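Some notes on the structure that comes next.
The values are calculated or read from the model by the stated rules, or taken from the named source; none is laboratory data. Quick caveat, the model's predicted, so the values are computed rather than measured. Using ideal geometry, Cβ is built from the backbone for each residue, glycine included, and neighbour counts are taken over all protein chains shown.
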Amino acid sequence: MSKPEKLIVDGKRLDGRGPFDMRPIKFTAGVLKRADGSCYLEFGGNKVMAAVYGPREVHPRHMQNASRAIVRYRYNMASFSVEERKRPGPDRRSIEISKVSREALEGVVMEELYPRSAIDVFVEILQADAGSRVAGINAASVALADAGIPMKCLVSAVAVGKIDGEVVLDLNKDEDNYGSADLPIAMNQFGEITLCQMDGHLTEEEFGRALDMAVDGCKKIHELQKQALIEKYGQDITPDVAQPIEGGETNE
Amino acid sequence: MVEREVVVPGDLLGEDPKLASHGTYVQDGKVYSANYGLVDRRSNIKVIPLSGRYIPARGDLVIGKVNDVTRSNWIVDINSPYEGLLHVSEFPERVDQDNMSKYLHVGELIIAKVADVDPSMKVELTLREEHLRILRQGRVIDISHVKIPRVIGRNGSMISMLKKELDCSIFVGQNGRIWLRGDEKMVDLAIRTIFKIEREAHTSGLTDKIKEYLKNELETMRNQK
(Lines give C-alpha, C1' and ligand atoms only; values in the text may rest on other atoms or scores of the structure.)
Protein backbone atom coordinates (compact mmCIF):
# COMPACT_ATOMS: atom_id res chain seq x y z
CA MET A 1 0.00 0.00 0.00
CA SER A 2 1.35 3.42 -0.91
CA LYS A 3 1.11 6.28 1.52
CA PRO A 4 -2.53 7.17 2.01
CA GLU A 5 -3.45 10.82 2.04
CA LYS A 6 -4.99 10.72 5.44
CA LEU A 7 -4.84 8.08 8.16
CA ILE A 8 -7.84 9.43 10.02
CA VAL A 9 -11.02 10.29 8.15
CA ASP A 10 -14.00 11.73 10.07
CA GLY A 11 -12.55 10.64 13.38
CA LYS A 12 -12.26 7.03 12.17
CA ARG A 13 -9.05 5.25 11.32
CA LEU A 14 -8.61 3.49 7.99
CA ASP A 15 -9.72 0.15 9.44
CA GLY A 16 -12.76 1.78 11.01
CA ARG A 17 -11.48 1.97 14.57
CA GLY A 18 -11.73 4.98 16.82
CA PRO A 19 -8.56 6.34 18.45
CA PHE A 20 -9.10 4.28 21.63
CA ASP A 21 -9.93 0.96 19.98
CA MET A 22 -7.62 -2.00 19.83
CA ARG A 23 -7.67 -4.60 17.09
CA PRO A 24 -9.41 -7.92 17.81
CA ILE A 25 -7.37 -10.07 20.20
CA LYS A 26 -7.62 -13.80 20.76
CA PHE A 27 -5.49 -15.78 23.22
CA THR A 28 -5.39 -19.58 23.33
CA ALA A 29 -3.37 -21.12 26.17
CA GLY A 30 -1.72 -24.54 26.14
CA VAL A 31 -1.66 -25.30 22.42
CA LEU A 32 1.66 -27.16 22.24
CA LYS A 33 2.04 -30.62 23.70
CA ARG A 34 5.80 -30.80 24.05
CA ALA A 35 6.28 -27.41 25.66
CA ASP A 36 5.78 -26.91 29.40
CA GLY A 37 3.61 -23.92 28.59
CA SER A 38 2.42 -22.30 25.41
CA CYS A 39 0.11 -19.70 23.99
CA TYR A 40 -1.14 -18.84 20.53
CA LEU A 41 -2.19 -15.25 20.06
CA GLU A 42 -3.90 -13.40 17.28
CA PHE A 43 -3.48 -9.71 17.84
CA GLY A 44 -5.01 -7.91 14.88
CA GLY A 45 -3.01 -9.16 11.92
CA ASN A 46 -0.26 -10.56 14.14
CA LYS A 47 -0.15 -14.30 14.62
CA VAL A 48 2.21 -15.30 17.38
CA MET A 49 3.13 -18.60 18.98
CA ALA A 50 4.93 -18.60 22.32
CA ALA A 51 6.43 -21.67 23.99
CA VAL A 52 8.04 -21.93 27.42
CA TYR A 53 10.41 -24.68 28.54
CA GLY A 54 11.71 -24.98 32.02
CA PRO A 55 12.91 -24.51 34.59
CA ARG A 56 15.51 -26.84 33.15
CA GLU A 57 19.24 -27.46 33.28
CA VAL A 58 21.34 -24.68 31.80
CA HIS A 59 23.40 -25.39 28.71
CA PRO A 60 26.01 -24.04 28.16
CA ARG A 61 26.99 -24.51 31.80
CA HIS A 62 28.79 -21.17 32.23
CA MET A 63 25.53 -19.28 31.80
CA GLN A 64 24.04 -20.67 34.97
CA ASN A 65 23.58 -18.54 38.05
CA ALA A 66 24.18 -20.22 41.42
CA SER A 67 21.40 -18.31 43.17
CA ARG A 68 18.63 -17.85 40.62
CA ALA A 69 17.11 -19.01 37.37
CA ILE A 70 18.05 -17.28 34.17
CA VAL A 71 15.39 -16.30 31.68
CA ARG A 72 16.19 -16.60 27.99
CA TYR A 73 13.89 -15.08 25.42
CA ARG A 74 14.07 -15.62 21.71
CA TYR A 75 11.97 -13.47 19.42
CA ASN A 76 12.01 -14.80 15.90
CA MET A 77 10.13 -13.83 12.78
CA ALA A 78 9.24 -16.60 10.36
CA SER A 79 10.59 -15.97 6.89
CA PHE A 80 7.01 -15.86 5.61
CA SER A 81 5.75 -13.52 8.32
CA VAL A 82 6.13 -10.40 6.20
CA GLU A 83 5.38 -9.54 2.58
CA GLU A 84 8.97 -9.46 1.43
CA ARG A 85 10.67 -12.70 2.52
CA LYS A 86 12.55 -12.16 5.76
CA ARG A 87 16.00 -13.66 5.78
CA PRO A 88 15.87 -16.31 8.49
CA GLY A 89 17.95 -16.11 11.63
CA PRO A 90 18.64 -13.51 14.25
CA ASP A 91 19.39 -10.01 13.09
CA ARG A 92 20.01 -6.68 14.78
CA ARG A 93 16.32 -6.00 15.24
CA SER A 94 15.28 -9.37 16.63
CA ILE A 95 18.25 -9.52 19.01
CA GLU A 96 17.22 -6.15 20.40
CA ILE A 97 13.58 -7.18 20.73
CA SER A 98 14.60 -10.40 22.44
CA LYS A 99 16.59 -8.44 24.99
CA VAL A 100 13.96 -5.82 25.82
CA SER A 101 11.18 -8.42 25.91
CA ARG A 102 13.19 -10.59 28.27
CA GLU A 103 13.72 -7.62 30.54
CA ALA A 104 10.00 -6.85 30.38
CA LEU A 105 9.20 -10.31 31.77
CA GLU A 106 12.17 -10.95 34.08
CA GLY A 107 10.81 -8.57 36.70
CA VAL A 108 7.74 -10.69 37.43
CA VAL A 109 9.26 -14.18 37.28
CA MET A 110 10.29 -15.45 40.72
CA GLU A 111 13.74 -16.45 39.56
CA GLU A 112 15.14 -16.97 43.05
CA LEU A 113 13.05 -20.15 43.46
CA TYR A 114 15.01 -22.10 40.87
CA PRO A 115 18.76 -21.59 41.29
CA ARG A 116 21.04 -22.97 38.57
CA SER A 117 18.22 -23.39 36.07
CA ALA A 118 17.02 -21.78 32.88
CA ILE A 119 13.56 -20.75 31.75
CA ASP A 120 13.46 -20.59 27.97
CA VAL A 121 10.85 -18.54 26.18
CA PHE A 122 10.49 -18.90 22.43
CA VAL A 123 8.32 -16.49 20.52
CA GLU A 124 7.70 -17.12 16.85
CA ILE A 125 6.03 -14.44 14.78
CA LEU A 126 4.09 -16.35 12.14
CA GLN A 127 2.48 -13.26 10.67
CA ALA A 128 3.59 -9.73 11.46
CA ASP A 129 1.37 -6.69 11.37
CA ALA A 130 2.84 -3.93 13.54
CA GLY A 131 3.21 -4.36 17.26
CA SER A 132 4.64 -7.85 17.06
CA ARG A 133 6.93 -7.27 20.03
CA VAL A 134 4.02 -6.38 22.30
CA ALA A 135 2.07 -9.33 20.93
CA GLY A 136 5.08 -11.52 21.71
CA ILE A 137 5.24 -10.28 25.30
CA ASN A 138 1.51 -10.84 25.81
CA ALA A 139 1.72 -14.38 24.49
CA ALA A 140 4.93 -15.16 26.39
CA SER A 141 3.38 -14.01 29.64
CA VAL A 142 0.43 -16.38 29.23
CA ALA A 143 2.77 -19.20 28.20
CA LEU A 144 4.90 -18.65 31.33
CA ALA A 145 1.83 -18.90 33.54
CA ASP A 146 0.68 -21.98 31.62
CA ALA A 147 4.08 -23.58 32.28
CA GLY A 148 3.38 -23.27 36.01
CA ILE A 149 6.24 -20.88 36.60
CA PRO A 150 5.73 -18.80 39.75
CA MET A 151 5.29 -15.15 38.87
CA LYS A 152 4.22 -12.03 40.73
CA CYS A 153 1.68 -11.31 38.01
CA LEU A 154 1.12 -11.34 34.27
CA VAL A 155 2.62 -8.77 31.95
CA SER A 156 0.50 -7.02 29.35
CA ALA A 157 1.77 -4.84 26.55
CA VAL A 158 0.35 -2.56 23.90
CA ALA A 159 1.66 0.09 21.51
CA VAL A 160 0.44 3.66 21.26
CA GLY A 161 1.26 5.84 18.29
CA LYS A 162 0.68 9.13 16.62
CA ILE A 163 -0.94 9.40 13.22
CA ASP A 164 -2.10 12.59 11.51
CA GLY A 165 -1.17 14.47 14.66
CA GLU A 166 -3.43 12.38 16.86
CA VAL A 167 -2.49 9.91 19.57
CA VAL A 168 -4.10 6.52 18.94
CA LEU A 169 -3.99 3.08 20.56
CA ASP A 170 -2.55 -0.03 18.90
CA LEU A 171 -1.19 0.94 15.47
CA ASN A 172 -1.73 -1.33 12.50
CA LYS A 173 0.80 -1.85 9.73
CA ASP A 174 -0.05 1.22 7.64
CA GLU A 175 -0.35 3.48 10.64
CA ASP A 176 3.01 2.19 11.83
CA ASN A 177 4.65 2.75 8.45
CA TYR A 178 3.25 6.20 7.78
CA GLY A 179 2.57 7.48 11.27
CA SER A 180 4.89 9.83 13.13
CA ALA A 181 5.44 7.98 16.41
CA ASP A 182 5.24 4.46 17.83
CA LEU A 183 5.46 3.79 21.55
CA PRO A 184 5.34 0.14 22.69
CA ILE A 185 4.71 -0.20 26.42
CA ALA A 186 4.57 -3.24 28.68
CA MET A 187 3.38 -3.16 32.27
CA ASN A 188 2.27 -5.47 35.02
CA GLN A 189 -1.08 -5.27 36.74
CA PHE A 190 0.31 -2.98 39.43
CA GLY A 191 1.04 -0.40 36.74
CA GLU A 192 4.81 -0.83 36.86
CA ILE A 193 6.19 -0.25 33.39
CA THR A 194 8.66 -2.90 32.28
CA LEU A 195 9.11 -1.90 28.66
CA CYS A 196 8.97 1.51 27.08
CA GLN A 197 10.50 2.25 23.71
CA MET A 198 9.75 4.99 21.25
CA ASP A 199 10.16 5.67 17.57
CA GLY A 200 9.46 9.18 16.28
CA HIS A 201 8.43 12.19 18.29
CA LEU A 202 5.80 13.05 20.87
CA THR A 203 5.42 16.19 22.94
CA GLU A 204 5.41 15.81 26.70
CA GLU A 205 1.67 16.33 26.81
CA GLU A 206 1.11 13.76 24.05
CA PHE A 207 3.35 11.31 25.85
CA GLY A 208 1.26 11.64 28.98
CA ARG A 209 -1.91 10.98 27.04
CA ALA A 210 -0.31 8.08 25.23
CA LEU A 211 0.71 6.53 28.53
CA ASP A 212 -2.84 6.78 29.86
CA MET A 213 -4.15 5.07 26.76
CA ALA A 214 -1.56 2.33 27.12
CA VAL A 215 -2.61 1.74 30.74
CA ASP A 216 -6.22 1.29 29.64
CA GLY A 217 -5.20 -0.97 26.79
CA CYS A 218 -3.05 -3.14 29.04
CA LYS A 219 -5.91 -3.52 31.51
CA LYS A 220 -8.14 -4.87 28.75
CA ILE A 221 -5.43 -7.21 27.54
CA HIS A 222 -4.81 -8.42 31.10
CA GLU A 223 -8.46 -9.46 31.34
CA LEU A 224 -8.18 -11.40 28.08
CA GLN A 225 -5.01 -13.13 29.29
CA LYS A 226 -6.71 -14.21 32.50
CA GLN A 227 -9.73 -15.38 30.56
CA ALA A 228 -7.60 -17.52 28.25
CA LEU A 229 -5.92 -19.27 31.18
CA ILE A 230 -9.18 -19.87 33.01
CA GLU A 231 -10.86 -21.20 29.87
CA LYS A 232 -8.14 -23.75 29.33
CA TYR A 233 -9.61 -25.82 32.15
CA GLY A 234 -13.23 -25.22 31.21
CA GLN A 235 -16.04 -24.87 33.70
CA ASP A 236 -15.85 -28.24 35.38
CA ILE A 237 -12.99 -27.60 37.74
CA THR A 238 -13.86 -29.05 41.09
CA PRO A 239 -11.17 -31.51 42.05
CA ASP A 240 -11.58 -32.67 45.58
CA VAL A 241 -8.84 -32.42 48.07
CA ALA A 242 -5.39 -32.86 46.70
CA GLN A 243 -3.78 -35.17 49.19
CA PRO A 244 -0.88 -34.12 51.32
CA ILE A 245 1.85 -35.42 49.12
CA GLU A 246 2.86 -38.92 50.00
CA GLY A 247 4.53 -41.68 48.07
CA GLY A 248 2.57 -44.69 46.97
CA GLU A 249 3.45 -48.01 48.43
CA THR A 250 4.29 -51.22 46.75
CA ASN A 251 1.89 -53.97 47.62
CA GLU A 252 4.27 -56.84 47.68
CA MET B 1 -17.49 -30.49 47.46
CA VAL B 2 -16.24 -26.94 47.35
CA GLU B 3 -16.19 -25.18 44.03
CA ARG B 4 -12.55 -24.52 43.24
CA GLU B 5 -11.65 -21.30 41.59
CA VAL B 6 -8.90 -21.01 38.98
CA VAL B 7 -6.49 -18.17 39.59
CA VAL B 8 -3.65 -16.71 37.60
CA PRO B 9 -0.48 -15.07 38.94
CA GLY B 10 -1.22 -11.69 40.46
CA ASP B 11 -4.82 -12.40 41.50
CA LEU B 12 -5.70 -10.92 44.88
CA LEU B 13 -6.58 -13.77 47.24
CA GLY B 14 -6.93 -12.18 50.64
CA GLU B 15 -6.05 -9.42 53.05
CA ASP B 16 -4.48 -11.46 55.83
CA PRO B 17 -0.77 -12.10 55.25
CA LYS B 18 -0.74 -14.70 58.05
CA LEU B 19 -2.78 -17.05 55.85
CA ALA B 20 -0.38 -16.95 52.93
CA SER B 21 0.91 -20.41 52.09
CA HIS B 22 2.24 -22.32 49.06
CA GLY B 23 1.85 -20.66 45.68
CA THR B 24 1.18 -17.21 47.06
CA TYR B 25 3.18 -14.14 47.97
CA VAL B 26 2.56 -11.10 50.13
CA GLN B 27 2.90 -7.54 48.94
CA ASP B 28 1.78 -4.47 50.91
CA GLY B 29 0.01 -6.69 53.43
CA LYS B 30 -2.11 -8.45 50.84
CA VAL B 31 -1.95 -12.03 49.59
CA TYR B 32 -1.58 -12.57 45.86
CA SER B 33 -1.39 -15.72 43.80
CA ALA B 34 2.08 -16.56 42.54
CA ASN B 35 0.93 -19.39 40.36
CA TYR B 36 -1.62 -20.51 37.80
CA GLY B 37 -3.73 -23.01 39.66
CA LEU B 38 -6.63 -23.72 41.98
CA VAL B 39 -7.13 -21.87 45.27
CA ASP B 40 -7.55 -23.78 48.45
CA ARG B 41 -8.89 -21.55 51.25
CA ARG B 42 -9.74 -24.18 53.84
CA SER B 43 -7.12 -23.65 56.51
CA ASN B 44 -4.87 -21.11 54.90
CA ILE B 45 -4.64 -19.71 51.41
CA LYS B 46 -2.68 -21.80 49.00
CA VAL B 47 -2.62 -22.25 45.27
CA ILE B 48 -2.31 -25.76 43.88
CA PRO B 49 -0.53 -25.44 40.56
CA LEU B 50 -2.00 -26.99 37.42
CA SER B 51 1.36 -27.48 35.75
CA GLY B 52 5.06 -27.18 36.36
CA ARG B 53 8.18 -29.26 36.71
CA TYR B 54 8.99 -31.43 39.67
CA ILE B 55 11.20 -29.69 42.24
CA PRO B 56 12.67 -32.15 44.74
CA ALA B 57 12.03 -31.74 48.46
CA ARG B 58 13.47 -33.65 51.38
CA GLY B 59 11.59 -36.85 52.11
CA ASP B 60 10.10 -37.32 48.65
CA LEU B 61 10.08 -40.82 47.22
CA VAL B 62 11.07 -40.70 43.59
CA ILE B 63 11.84 -42.99 40.68
CA GLY B 64 15.19 -42.12 39.15
CA LYS B 65 17.27 -43.29 36.24
CA VAL B 66 21.03 -43.58 36.52
CA ASN B 67 22.62 -41.18 34.06
CA ASP B 68 26.27 -41.34 34.98
CA VAL B 69 28.64 -43.06 37.37
CA THR B 70 31.53 -41.25 39.05
CA ARG B 71 34.02 -42.53 41.60
CA SER B 72 31.82 -41.76 44.57
CA ASN B 73 28.39 -40.99 43.22
CA TRP B 74 25.74 -42.20 40.86
CA ILE B 75 24.16 -39.30 39.02
CA VAL B 76 20.46 -39.91 38.74
CA ASP B 77 17.88 -38.25 36.54
CA ILE B 78 14.81 -37.59 38.67
CA ASN B 79 12.63 -35.91 36.04
CA SER B 80 13.46 -32.47 37.37
CA PRO B 81 15.68 -29.51 36.45
CA TYR B 82 18.07 -30.79 39.10
CA GLU B 83 19.87 -34.11 39.01
CA GLY B 84 20.03 -36.37 42.03
CA LEU B 85 23.27 -37.64 43.58
CA LEU B 86 23.38 -41.07 45.12
CA HIS B 87 26.56 -41.34 47.18
CA VAL B 88 28.21 -44.75 47.66
CA SER B 89 27.56 -44.53 51.38
CA GLU B 90 23.83 -44.34 50.66
CA PHE B 91 23.91 -47.65 48.80
CA PRO B 92 22.57 -50.53 50.91
CA GLU B 93 25.64 -52.72 50.42
CA ARG B 94 29.36 -52.23 50.71
CA VAL B 95 30.57 -50.92 47.39
CA ASP B 96 33.87 -51.49 45.66
CA GLN B 97 34.56 -47.99 44.38
CA ASP B 98 36.64 -49.24 41.48
CA ASN B 99 33.70 -51.11 40.12
CA MET B 100 30.66 -48.96 40.81
CA SER B 101 28.81 -50.06 37.69
CA LYS B 102 28.71 -53.60 39.00
CA TYR B 103 26.17 -52.49 41.60
CA LEU B 104 24.20 -49.94 39.61
CA HIS B 105 24.89 -49.09 36.01
CA VAL B 106 23.83 -46.38 33.61
CA GLY B 107 20.21 -46.75 32.56
CA GLU B 108 19.01 -48.62 35.63
CA LEU B 109 15.95 -47.39 37.47
CA ILE B 110 15.73 -47.01 41.22
CA ILE B 111 13.18 -46.08 43.83
CA ALA B 112 15.04 -43.60 46.00
CA LYS B 113 14.30 -41.14 48.74
CA VAL B 114 15.40 -37.53 48.67
CA ALA B 115 17.67 -37.39 51.72
CA ASP B 116 18.48 -33.71 51.48
CA VAL B 117 18.20 -30.68 49.25
CA ASP B 118 20.49 -27.74 49.97
CA PRO B 119 19.78 -24.09 49.03
CA SER B 120 21.75 -24.40 45.81
CA MET B 121 19.50 -27.35 44.91
CA LYS B 122 22.08 -30.07 45.31
CA VAL B 123 19.89 -33.12 45.67
CA GLU B 124 21.10 -36.08 47.70
CA LEU B 125 19.35 -39.41 47.35
CA THR B 126 19.43 -42.52 49.47
CA LEU B 127 18.61 -46.18 48.97
CA ARG B 128 19.15 -47.14 52.60
CA GLU B 129 15.59 -47.47 53.72
CA GLU B 130 12.72 -49.87 53.47
CA HIS B 131 10.90 -50.04 50.10
CA LEU B 132 13.84 -48.35 48.39
CA ARG B 133 15.45 -50.52 45.76
CA ILE B 134 16.65 -51.07 42.26
CA LEU B 135 13.87 -51.78 39.75
CA ARG B 136 14.80 -54.80 37.70
CA GLN B 137 11.41 -55.66 36.24
CA GLY B 138 8.17 -53.95 35.36
CA ARG B 139 7.48 -50.79 33.46
CA VAL B 140 7.80 -47.11 34.26
CA ILE B 141 5.67 -44.32 32.83
CA ASP B 142 5.95 -40.56 33.10
CA ILE B 143 3.07 -38.24 33.92
CA SER B 144 2.94 -34.65 35.09
CA HIS B 145 3.95 -34.56 38.76
CA VAL B 146 1.14 -32.14 39.68
CA LYS B 147 -1.36 -34.91 38.84
CA ILE B 148 0.24 -37.39 41.23
CA PRO B 149 -2.10 -36.59 44.15
CA ARG B 150 -5.04 -37.50 41.91
CA VAL B 151 -3.47 -40.82 40.95
CA ILE B 152 -3.01 -41.60 44.64
CA GLY B 153 -6.47 -40.32 45.54
CA ARG B 154 -7.93 -39.39 48.88
CA ASN B 155 -6.10 -41.53 51.46
CA GLY B 156 -4.76 -43.63 48.62
CA SER B 157 -8.25 -44.64 47.44
CA MET B 158 -7.46 -44.39 43.73
CA ILE B 159 -4.20 -46.26 43.83
CA SER B 160 -5.48 -49.06 46.07
CA MET B 161 -8.46 -49.49 43.75
CA LEU B 162 -6.14 -49.83 40.76
CA LYS B 163 -3.97 -52.35 42.58
CA LYS B 164 -6.96 -54.38 43.70
CA GLU B 165 -8.91 -54.39 40.45
CA LEU B 166 -5.93 -55.10 38.23
CA ASP B 167 -3.81 -57.18 40.58
CA CYS B 168 -0.67 -55.16 39.80
CA SER B 169 2.19 -53.84 41.87
CA ILE B 170 2.28 -50.09 41.47
CA PHE B 171 4.64 -47.54 42.92
CA VAL B 172 3.95 -43.86 42.46
CA GLY B 173 6.95 -41.55 42.72
CA GLN B 174 6.47 -37.95 43.69
CA ASN B 175 8.38 -36.90 40.59
CA GLY B 176 5.67 -38.06 38.22
CA ARG B 177 7.09 -41.48 37.45
CA ILE B 178 5.01 -44.57 38.08
CA TRP B 179 6.31 -48.12 38.18
CA LEU B 180 4.00 -51.00 37.42
CA ARG B 181 4.38 -54.76 37.40
CA GLY B 182 1.91 -57.52 36.82
CA ASP B 183 0.12 -59.32 34.04
CA GLU B 184 1.02 -57.53 30.78
CA LYS B 185 -2.61 -56.99 29.75
CA MET B 186 -3.45 -55.63 33.17
CA VAL B 187 -0.44 -53.32 33.17
CA ASP B 188 -1.52 -52.05 29.75
CA LEU B 189 -4.92 -51.25 31.15
CA ALA B 190 -3.44 -49.69 34.28
CA ILE B 191 -1.29 -47.40 32.14
CA ARG B 192 -4.27 -46.41 30.01
CA THR B 193 -6.22 -45.69 33.18
CA ILE B 194 -3.44 -43.60 34.69
CA PHE B 195 -3.20 -41.50 31.52
CA LYS B 196 -6.95 -41.05 31.69
CA ILE B 197 -6.65 -39.88 35.30
CA GLU B 198 -3.95 -37.45 34.20
CA ARG B 199 -6.13 -36.03 31.43
CA GLU B 200 -9.17 -35.67 33.65
CA ALA B 201 -7.36 -34.75 36.85
CA HIS B 202 -9.18 -31.44 37.18
CA THR B 203 -12.70 -32.92 37.07
CA SER B 204 -14.76 -33.99 40.05
CA GLY B 205 -15.91 -37.44 41.11
CA LEU B 206 -12.88 -38.94 39.45
CA THR B 207 -12.56 -42.09 41.54
CA ASP B 208 -16.11 -43.17 40.71
CA LYS B 209 -15.62 -42.35 37.05
CA ILE B 210 -12.44 -44.41 36.95
CA LYS B 211 -14.12 -47.29 38.77
CA GLU B 212 -16.79 -47.32 36.09
CA TYR B 213 -14.18 -47.13 33.33
CA LEU B 214 -12.22 -50.03 34.78
CA LYS B 215 -15.35 -52.14 35.11
CA ASN B 216 -16.22 -51.61 31.45
CA GLU B 217 -12.69 -52.26 30.26
CA LEU B 218 -12.37 -55.46 32.30
CA GLU B 219 -15.74 -56.58 30.94
CA THR B 220 -14.57 -56.08 27.35
CA MET B 221 -11.35 -57.91 28.08
CA ARG B 222 -13.24 -60.88 29.48
CA ASN B 223 -15.53 -60.97 26.46
CA GLN B 224 -12.60 -61.01 24.08
CA LYS B 225 -11.17 -64.11 25.65
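Taking the numbered list (1) crowded, with 18+ Cβ neighbours inside 10 Å; (2) farther than 21 Å from B:H131 by Cα; (3) at pLDDT 95 or above in turn, B:M100 passes all entries but (3). The set of residues in the stretch B:194-219 being under 12 Å from B:I143 (Cα atoms) and surrounded by 14 or more Cβ atoms within 10 Å (Cβ to Cβ) consists of B:I194, B:K196, B:I197, B:E198, B:A201. Could you tell me whether any residue of the stretch A:42-59 is away from every other protein chain (no Cβ under 14 Å), among the β-branched types (V, I, T) and either in contact with a helix residue (DSSP H, G or I) (Cβ under 9 Å, 6 or more places away or on another chain) or exposed (fewer than 15 other Cβ atoms within 10 Å of the Cβ) (or both)? Checked the stretch A:42-59: at least one residue is away from every other protein chain (no Cβ under 14 Å), among the β-branched types (V, I, T) and either in contact with a helix residue (DSSP H, G or I) (Cβ under 9 Å, 6 or more places away or on another chain) or exposed (fewer than 15 other Cβ atoms within 10 Å of the Cβ) (or both).
Restricting the stretch B:8-55 to residues that are of a type in the set (A, V, I, L, M, F, W, C), over 25 Å from B:S80 (Cβ atoms) and in contact with a helix residue (DSSP H, G or I) (Cβ under 9 Å, 6 or more places away or on another chain), the residue that is surrounded by the fewest Cβ atoms within 10 Å (Cβ to Cβ) is B:V26. The condition of being at pLDDT below 95, buried (at least 17 other Cβ atoms within 10 Å of the Cβ) and outside any helix (DSSP H, G or I) holds for only one of A:G191, A:G248, A:G161, that being A:G248. Taking the condition of a type in the set (A, V, I, L, M) and more than 20 Å from B:S169 (Cβ to Cβ), does B:A190 pass? Here the answer is no, as B:A190 does not meet what is asked. Kindly check whether there is at least one residue in the stretch B:104-121 that is in contact with a Pro (Cβ under 9 Å, 6 or more places away or on another chain) and at pLDDT 95 or above. Yes; the residues of the stretch B:104-121 include at least one that is in contact with a Pro (Cβ under 9 Å, 6 or more places away or on another chain) and at pLDDT 95 or above.
Take the residues in the stretch B:174-193 that are within 21 Å of B:Y54 (Cβ to Cβ) and touching a Gly at 6+ places or on another chain (Cβ under 7 Å), then tell me which one is surrounded by the most Cβ atoms within 10 Å (Cβ to Cβ).
Filtering first and then ranking leaves B:Q174.
Do we have any residue at all in the stretch A:126-146 that's touching a helix residue (DSSP H, G or I) at 6+ places or on another chain (Cβ under 8 Å), buried (at least 22 other Cβ atoms within 10 Å of the Cβ), in contact (Cβ under 8 Å) with a residue 40 or more places away in the chain and acidic (D, E)? Among the residues of the stretch A:126-146, at least one is touching a helix residue (DSSP H, G or I) at 6+ places or on another chain (Cβ under 8 Å), buried (at least 22 other Cβ atoms within 10 Å of the Cβ), in contact (Cβ under 8 Å) with a residue 40 or more places away in the chain and acidic (D, E), which makes the answer yes. If you go through the stretch A:20-35 and pick out every residue that is part of a loop (DSSP other than H, G, I, E, B), surrounded by 17 or more Cβ atoms within 10 Å (Cβ to Cβ) and in contact with an Asp or Glu (Cβ under 8 Å, 6 or more places away or on another chain), you end up with 3. Test of understanding: among B:D98, B:D68, B:D77, which residue is out of contact with any strand residue (DSSP E or B) (no Cβ under 8 Å at 6 or more places or on another chain) and not hydrophobic (A, V, I, L, M, F, W, C)? Matching residue, one of B:D98, B:D68, B:D77: B:D98. Restricting to the stretch B:30-50, and then to whatever is away from chain A (no Cβ under 12 Å) and under 26 Å from A:L105 (Cβ atoms), can you tell me which residue is nearest to the chain's Cα centre (by Cα)? Filtering first and then ranking leaves B:I45.
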